[in-house]
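To start, the structure itself, in C-alpha coordinates.
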Amino acid sequence: MKVLLERFCWCLIFSSIAVVGCLPKDTRPPPESLLVTASASDAVLNGIASSATEDGWSISYDRLLICIGDVSLDGSNCSTYSEASYSRVLDMSTAGPQKVNESFALGQCDFGFGLVNPADDSLSGSGVSTSDVVFMRTAGTDKYAGPSGTSIFVQGHADRAGATKTFSWAFRQQLRFRDCRQSADPSSMHGVLLAENAASTLNLVVRGEALFQDNTDLSLAKLRFDPIAAADSVSGNDDGDVSLDELAAVPLASLASTGGYPASGSSAAAQTLEDYIYLSSFPAVLNFGDSGACTISIGRED
(Lines give C-alpha, C1' and ligand atoms only; values in the text may rest on other atoms or scores of the structure.)
Protein backbone atom coordinates (compact mmCIF):
# COMPACT_ATOMS: atom_id res chain seq x y z
CA MET A 1 0.00 0.00 0.00
CA LYS A 2 2.88 2.38 0.85
CA VAL A 3 4.49 1.76 -2.51
CA LEU A 4 1.22 2.45 -4.33
CA LEU A 5 0.74 5.73 -2.45
CA GLU A 6 4.29 6.85 -3.27
CA ARG A 7 3.75 6.07 -6.97
CA PHE A 8 0.45 7.97 -6.91
CA CYS A 9 2.11 11.05 -5.33
CA TRP A 10 4.94 11.04 -7.86
CA CYS A 11 2.40 10.79 -10.67
CA LEU A 12 0.60 13.87 -9.35
CA ILE A 13 3.87 15.81 -9.14
CA PHE A 14 4.95 14.90 -12.68
CA SER A 15 1.45 15.66 -14.00
CA SER A 16 1.55 19.12 -12.41
CA ILE A 17 4.95 19.85 -13.91
CA ALA A 18 3.73 18.73 -17.32
CA VAL A 19 0.69 21.03 -17.13
CA VAL A 20 2.80 24.03 -16.10
CA GLY A 21 5.26 23.27 -18.88
CA CYS A 22 2.43 23.37 -21.41
CA LEU A 23 1.20 26.83 -20.37
CA PRO A 24 2.10 29.56 -22.89
CA LYS A 25 4.72 32.01 -21.71
CA ASP A 26 3.51 35.61 -21.31
CA THR A 27 5.90 37.61 -23.49
CA ARG A 28 4.21 40.96 -22.91
CA PRO A 29 6.27 43.70 -21.22
CA PRO A 30 5.62 44.24 -17.52
CA PRO A 31 2.67 46.63 -17.01
CA GLU A 32 2.23 49.66 -14.82
CA SER A 33 0.36 49.19 -11.58
CA LEU A 34 -2.32 51.82 -11.01
CA LEU A 35 -3.37 52.24 -7.41
CA VAL A 36 -6.72 54.02 -7.13
CA THR A 37 -7.31 55.85 -3.85
CA ALA A 38 -9.96 58.16 -2.42
CA SER A 39 -9.52 61.05 -0.02
CA ALA A 40 -11.92 63.43 1.69
CA SER A 41 -11.96 67.16 1.05
CA ASP A 42 -11.04 69.51 3.87
CA ALA A 43 -14.72 70.39 4.28
CA VAL A 44 -15.56 66.76 5.05
CA LEU A 45 -12.70 66.36 7.51
CA ASN A 46 -12.91 69.71 9.27
CA GLY A 47 -16.39 71.02 8.47
CA ILE A 48 -17.54 74.21 6.77
CA ALA A 49 -17.10 77.44 8.73
CA SER A 50 -19.98 79.89 9.03
CA SER A 51 -17.89 82.45 7.17
CA ALA A 52 -17.76 80.11 4.16
CA THR A 53 -21.53 79.84 3.74
CA GLU A 54 -23.78 82.45 2.20
CA ASP A 55 -26.17 82.44 5.17
CA GLY A 56 -23.91 82.04 8.20
CA TRP A 57 -24.52 78.38 8.98
CA SER A 58 -21.56 76.20 9.97
CA ILE A 59 -21.84 72.62 8.73
CA SER A 60 -20.12 69.56 10.16
CA TYR A 61 -20.05 65.98 8.95
CA ASP A 62 -20.43 63.31 11.62
CA ARG A 63 -20.25 60.43 9.15
CA LEU A 64 -19.76 59.99 5.43
CA LEU A 65 -19.73 56.42 4.15
CA ILE A 66 -19.20 55.78 0.45
CA CYS A 67 -18.79 52.71 -1.76
CA ILE A 68 -16.45 53.09 -4.74
CA GLY A 69 -15.20 50.49 -7.20
CA ASP A 70 -15.62 48.81 -10.59
CA VAL A 71 -12.51 50.53 -11.96
CA SER A 72 -12.06 49.98 -15.71
CA LEU A 73 -9.11 50.57 -18.04
CA ASP A 74 -9.83 50.20 -21.73
CA GLY A 75 -9.51 51.76 -25.17
CA SER A 76 -7.90 50.94 -28.51
CA ASN A 77 -4.45 52.02 -27.27
CA CYS A 78 -4.73 50.30 -23.91
CA SER A 79 -3.42 46.82 -23.08
CA THR A 80 -5.20 45.60 -19.96
CA TYR A 81 -3.51 42.96 -17.82
CA SER A 82 -5.99 42.94 -14.94
CA GLU A 83 -8.84 45.16 -13.78
CA ALA A 84 -10.21 45.64 -10.30
CA SER A 85 -13.93 44.98 -10.55
CA TYR A 86 -14.50 44.87 -6.81
CA SER A 87 -15.62 47.77 -4.61
CA ARG A 88 -14.69 49.11 -1.20
CA VAL A 89 -16.73 50.80 1.52
CA LEU A 90 -14.84 53.78 2.95
CA ASP A 91 -15.36 56.00 5.98
CA MET A 92 -14.33 59.44 4.76
CA SER A 93 -13.75 60.80 8.26
CA THR A 94 -10.36 59.10 7.90
CA ALA A 95 -7.72 61.57 6.76
CA GLY A 96 -5.43 60.88 3.82
CA PRO A 97 -5.81 58.73 0.72
CA GLN A 98 -7.46 55.34 1.23
CA LYS A 99 -7.05 52.40 -1.12
CA VAL A 100 -9.98 51.66 -3.44
CA ASN A 101 -8.32 49.01 -5.62
CA GLU A 102 -5.39 48.32 -7.95
CA SER A 103 -5.22 47.53 -11.67
CA PHE A 104 -2.47 46.68 -14.19
CA ALA A 105 -2.27 47.92 -17.78
CA LEU A 106 -0.10 49.61 -20.42
CA GLY A 107 -0.68 52.46 -22.84
CA GLN A 108 -3.15 55.31 -23.14
CA CYS A 109 -6.14 53.97 -21.25
CA ASP A 110 -9.63 55.32 -20.83
CA PHE A 111 -10.49 55.39 -17.15
CA GLY A 112 -13.83 54.67 -15.51
CA PHE A 113 -15.14 53.87 -12.05
CA GLY A 114 -18.39 53.48 -10.19
CA LEU A 115 -20.26 54.85 -7.22
CA VAL A 116 -22.05 51.66 -6.25
CA ASN A 117 -24.02 49.74 -3.66
CA PRO A 118 -21.80 47.32 -1.74
CA ALA A 119 -21.79 43.72 -2.96
CA ASP A 120 -21.19 40.57 -0.92
CA ASP A 121 -17.51 40.67 -1.90
CA SER A 122 -16.96 44.39 -1.20
CA LEU A 123 -14.00 45.20 1.02
CA SER A 124 -13.97 47.61 3.97
CA GLY A 125 -11.69 50.55 4.63
CA SER A 126 -10.32 51.80 7.92
CA GLY A 127 -12.99 52.55 10.51
CA VAL A 128 -15.73 50.69 8.62
CA SER A 129 -17.44 48.09 10.81
CA THR A 130 -19.37 44.99 9.81
CA SER A 131 -22.57 46.73 10.88
CA ASP A 132 -21.70 49.66 8.59
CA VAL A 133 -21.44 47.32 5.61
CA VAL A 134 -24.69 45.56 6.55
CA PHE A 135 -26.39 48.96 6.76
CA MET A 136 -25.03 50.01 3.36
CA ARG A 137 -26.10 46.69 1.79
CA THR A 138 -29.61 46.69 3.26
CA ALA A 139 -32.10 47.25 0.46
CA GLY A 140 -34.51 50.15 0.53
CA THR A 141 -36.27 52.44 -1.89
CA ASP A 142 -36.51 56.14 -2.64
CA LYS A 143 -37.83 58.19 -5.56
CA TYR A 144 -34.69 57.61 -7.60
CA ALA A 145 -33.56 54.03 -6.94
CA GLY A 146 -34.60 50.81 -5.35
CA PRO A 147 -34.95 48.37 -4.01
CA SER A 148 -31.21 48.76 -3.52
CA GLY A 149 -28.51 49.38 -0.99
CA THR A 150 -26.83 52.71 -0.27
CA SER A 151 -23.92 54.16 -2.24
CA ILE A 152 -23.43 57.27 -0.05
CA PHE A 153 -24.61 57.86 3.50
CA VAL A 154 -24.01 61.28 5.00
CA GLN A 155 -24.83 62.36 8.53
CA GLY A 156 -24.08 65.70 10.13
CA HIS A 157 -25.35 68.89 11.67
CA ALA A 158 -25.47 72.62 11.01
CA ASP A 159 -25.40 75.43 13.58
CA ARG A 160 -26.25 79.12 13.57
CA ALA A 161 -26.99 81.50 16.45
CA GLY A 162 -27.81 78.75 18.91
CA ALA A 163 -29.99 76.80 16.46
CA THR A 164 -29.01 73.30 15.35
CA LYS A 165 -30.31 71.20 12.49
CA THR A 166 -29.27 67.60 11.88
CA PHE A 167 -29.42 65.59 8.66
CA SER A 168 -29.06 61.89 7.89
CA TRP A 169 -29.40 61.08 4.19
CA ALA A 170 -28.98 57.81 2.32
CA PHE A 171 -28.43 58.05 -1.43
CA ARG A 172 -29.21 54.76 -3.17
CA GLN A 173 -28.64 55.58 -6.81
CA GLN A 174 -25.61 54.00 -8.48
CA LEU A 175 -23.53 56.02 -10.94
CA ARG A 176 -21.00 55.12 -13.62
CA PHE A 177 -18.18 57.60 -14.34
CA ARG A 178 -16.71 57.22 -17.84
CA ASP A 179 -14.48 59.10 -20.27
CA CYS A 180 -12.67 60.76 -17.36
CA ARG A 181 -10.28 63.59 -18.21
CA GLN A 182 -7.84 65.77 -16.32
CA SER A 183 -10.04 68.89 -16.31
CA ALA A 184 -13.47 70.12 -17.39
CA ASP A 185 -11.85 71.29 -20.65
CA PRO A 186 -12.89 68.70 -23.30
CA SER A 187 -9.47 69.06 -24.93
CA SER A 188 -7.61 68.02 -21.76
CA MET A 189 -5.95 64.61 -21.54
CA HIS A 190 -8.41 61.74 -21.31
CA GLY A 191 -7.77 58.78 -19.04
CA VAL A 192 -4.31 57.79 -17.89
CA LEU A 193 -1.01 57.10 -19.63
CA LEU A 194 0.57 53.94 -18.21
CA ALA A 195 4.22 53.10 -18.86
CA GLU A 196 6.12 49.83 -18.81
CA ASN A 197 7.21 48.45 -15.43
CA ALA A 198 6.05 51.50 -13.45
CA ALA A 199 3.70 52.37 -10.60
CA SER A 200 1.39 55.32 -10.09
CA THR A 201 -1.53 56.47 -7.96
CA LEU A 202 -4.76 58.13 -9.04
CA ASN A 203 -6.78 59.83 -6.32
CA LEU A 204 -10.55 60.37 -6.32
CA VAL A 205 -11.79 63.24 -4.16
CA VAL A 206 -14.94 63.02 -2.01
CA ARG A 207 -16.46 66.50 -1.75
CA GLY A 208 -19.27 66.37 0.76
CA GLU A 209 -19.72 70.12 0.44
CA ALA A 210 -21.25 69.54 -3.02
CA LEU A 211 -24.52 68.66 -1.28
CA PHE A 212 -24.85 72.27 -0.10
CA GLN A 213 -23.79 74.09 -3.25
CA ASP A 214 -26.52 76.02 -5.06
CA ASN A 215 -25.01 75.62 -8.53
CA THR A 216 -23.24 72.83 -10.39
CA ASP A 217 -20.95 75.46 -11.95
CA LEU A 218 -18.23 75.81 -9.32
CA SER A 219 -17.40 79.34 -10.49
CA LEU A 220 -20.96 80.38 -9.57
CA ALA A 221 -21.75 78.05 -6.70
CA LYS A 222 -22.37 79.28 -3.16
CA LEU A 223 -22.77 77.18 -0.05
CA ARG A 224 -26.22 77.53 1.50
CA PHE A 225 -28.09 75.85 4.32
CA ASP A 226 -31.04 78.21 4.87
CA PRO A 227 -33.31 76.49 2.30
CA ILE A 228 -32.47 73.12 3.86
CA ALA A 229 -33.13 74.33 7.40
CA ALA A 230 -36.42 75.92 6.32
CA ALA A 231 -37.54 72.59 4.85
CA ASP A 232 -37.78 71.37 8.45
CA SER A 233 -38.67 74.51 10.42
CA VAL A 234 -41.09 76.16 7.94
CA SER A 235 -42.68 73.50 5.75
CA GLY A 236 -41.72 70.39 7.76
CA ASN A 237 -42.42 69.07 11.23
CA ASP A 238 -39.79 71.30 12.91
CA ASP A 239 -38.25 68.46 14.89
CA GLY A 240 -34.70 69.68 14.24
CA ASP A 241 -33.86 66.93 11.76
CA VAL A 242 -34.04 67.63 8.01
CA SER A 243 -35.25 64.60 6.06
CA LEU A 244 -35.18 64.00 2.31
CA ASP A 245 -38.98 63.90 2.40
CA GLU A 246 -39.02 67.42 3.84
CA LEU A 247 -36.70 68.58 1.06
CA ALA A 248 -39.16 67.06 -1.42
CA ALA A 249 -41.85 69.45 -0.15
CA VAL A 250 -39.83 72.54 -1.16
CA PRO A 251 -40.55 73.66 -4.77
CA LEU A 252 -37.36 74.60 -6.55
CA ALA A 253 -39.12 77.59 -8.07
CA SER A 254 -39.57 79.06 -4.58
CA LEU A 255 -35.78 79.39 -4.29
CA ALA A 256 -35.29 81.43 -7.46
CA SER A 257 -34.94 84.64 -5.43
CA THR A 258 -31.70 83.31 -3.88
CA GLY A 259 -30.00 83.46 -7.26
CA GLY A 260 -29.11 79.79 -6.97
CA TYR A 261 -30.54 76.38 -7.86
CA PRO A 262 -30.89 76.97 -11.62
CA ALA A 263 -33.38 74.63 -13.27
CA SER A 264 -31.12 73.98 -16.24
CA GLY A 265 -28.31 71.70 -17.34
CA SER A 266 -27.99 68.57 -15.19
CA SER A 267 -30.78 69.83 -12.91
CA ALA A 268 -33.33 70.46 -15.66
CA ALA A 269 -35.55 67.66 -14.36
CA ALA A 270 -35.50 68.99 -10.80
CA GLN A 271 -38.80 70.23 -9.43
CA THR A 272 -38.02 70.18 -5.72
CA LEU A 273 -35.05 70.80 -3.46
CA GLU A 274 -34.72 67.05 -2.97
CA ASP A 275 -34.58 66.61 -6.75
CA TYR A 276 -31.85 69.21 -7.00
CA ILE A 277 -29.69 67.70 -4.25
CA TYR A 278 -30.19 64.15 -5.53
CA LEU A 279 -29.91 64.75 -9.28
CA SER A 280 -27.36 67.60 -9.38
CA SER A 281 -25.45 67.74 -6.10
CA PHE A 282 -25.14 64.04 -5.28
CA PRO A 283 -23.21 63.14 -8.50
CA ALA A 284 -20.75 65.96 -7.77
CA VAL A 285 -19.71 64.46 -4.41
CA LEU A 286 -17.24 62.09 -6.09
CA ASN A 287 -14.65 63.73 -8.32
CA PHE A 288 -11.89 62.49 -10.67
CA GLY A 289 -8.86 64.12 -9.04
CA ASP A 290 -9.00 67.70 -7.81
CA SER A 291 -10.41 69.24 -10.97
CA GLY A 292 -11.14 66.41 -13.39
CA ALA A 293 -14.43 65.64 -15.12
CA CYS A 294 -16.22 62.51 -16.30
CA THR A 295 -19.33 61.58 -18.22
CA ILE A 296 -21.80 60.27 -15.64
CA SER A 297 -24.58 57.76 -16.27
CA ILE A 298 -27.06 56.12 -13.94
CA GLY A 299 -26.56 52.47 -13.09
CA ARG A 300 -23.79 50.01 -12.39
CA GLU A 301 -21.65 48.54 -15.14
CA ASP A 302 -22.67 45.00 -16.10
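The values are calculated or read from the model by the stated rules, or taken from the named source; none is laboratory data. Just so you know, these numbers come straight off a predicted model, no measurement behind them. Here Cβ is always computed from backbone atoms with ideal geometry, including for glycine, and neighbour counts include all displayed protein chains. All accessible areas refer to the heavy atoms of the entire protein, side chains included, with ligands and DNA or RNA removed. Shrake-Rupley method; radii C 1.70, N 1.55, O 1.52, S 1.80 Å.
Would you be so kind as to identify which of 138, 215, 161 lies farthest towards the positive end of the dipole of the stretch 80-223, taking Lys and Arg as +1 and Asp and Glu as -1 on Cβ and the Cα centre as origin? It is 161, whose Cα lies furthest towards the positive end.
Loop-located chymotrypsin sites (Phe, Trp or Tyr not before Pro) in the stretch 42-97 (DSSP state not H, G, I, E or B) with no more than 15 neighbouring Cβ atoms inside 10 Å: 86. The residue list 259, 58, 280 was ranked by how far each Cα lies along the charge dipole of the chain toward its positive end, using unit charges on Cβ atoms, and 280 comes out on top.
Proximity of backbone amide H atoms, modeled 1.01 Å from N, is registered between residue 57 and 225 at under 5 Å, excluding neighbours fewer than 5 places apart on the same chain. Estimated at 0.36 nm per residue, the fully extended path between residue 291 and residue 119 surpasses their Cα-Cα distance by 59.0 nm. What separates the Cα centres of the stretch 232-252 and the stretch 50-70 is a distance of 18 Å. For the stretch 194-299, a simple Cβ point-charge model (Lys and Arg +1, Asp and Glu -1, everything else neutral) yields a dipole of about 420 debye relative to the Cα centre. Assuming charge only on the beta carbon of Lys and Arg (+1) and of Asp and Glu (-1), the dipole of the stretch 81-189 about its Cα centre is about 360 debye to the nearest 20. Between the labelled values [x] 144; [y] 154; [z] 177, the entry that holds volume of the Cα convex hull per residue in Å³ as derived from this structure is [z]. Here the chain is treated with +1 on each Lys and Arg Cβ and -1 on each Asp and Glu Cβ, and its dipole about the Cα centre works out to around 960 debye.
Once both labels are positioned 7 Å from their Cα atoms along Cα-to-Cβ, the gap between residue 28 and residue 99 label points is 2.2 nm.
Out of all DSSP beta bridges in the chain, what portion is antiparallel? Express it as a percent rounded to 5. About 85 percent, rounded to the nearest 5. A 1.4 Å probe run over the protein chains yields, for the stretch 203-302, 42 Å² of accessible area per residue, whole-number rounding. So what is the relative contact order of the chain, in percent, for Cα pairs below 8 Å that sit 6 or more residues apart? About 20 percent, as a whole number. At a Cα cut-off below 16 Å, give the aspartates and glutamates reachable from residue 143, other chains included and same-chain residues fewer than 8 away excluded. Partners within reach: 245, 246, 274, 275.
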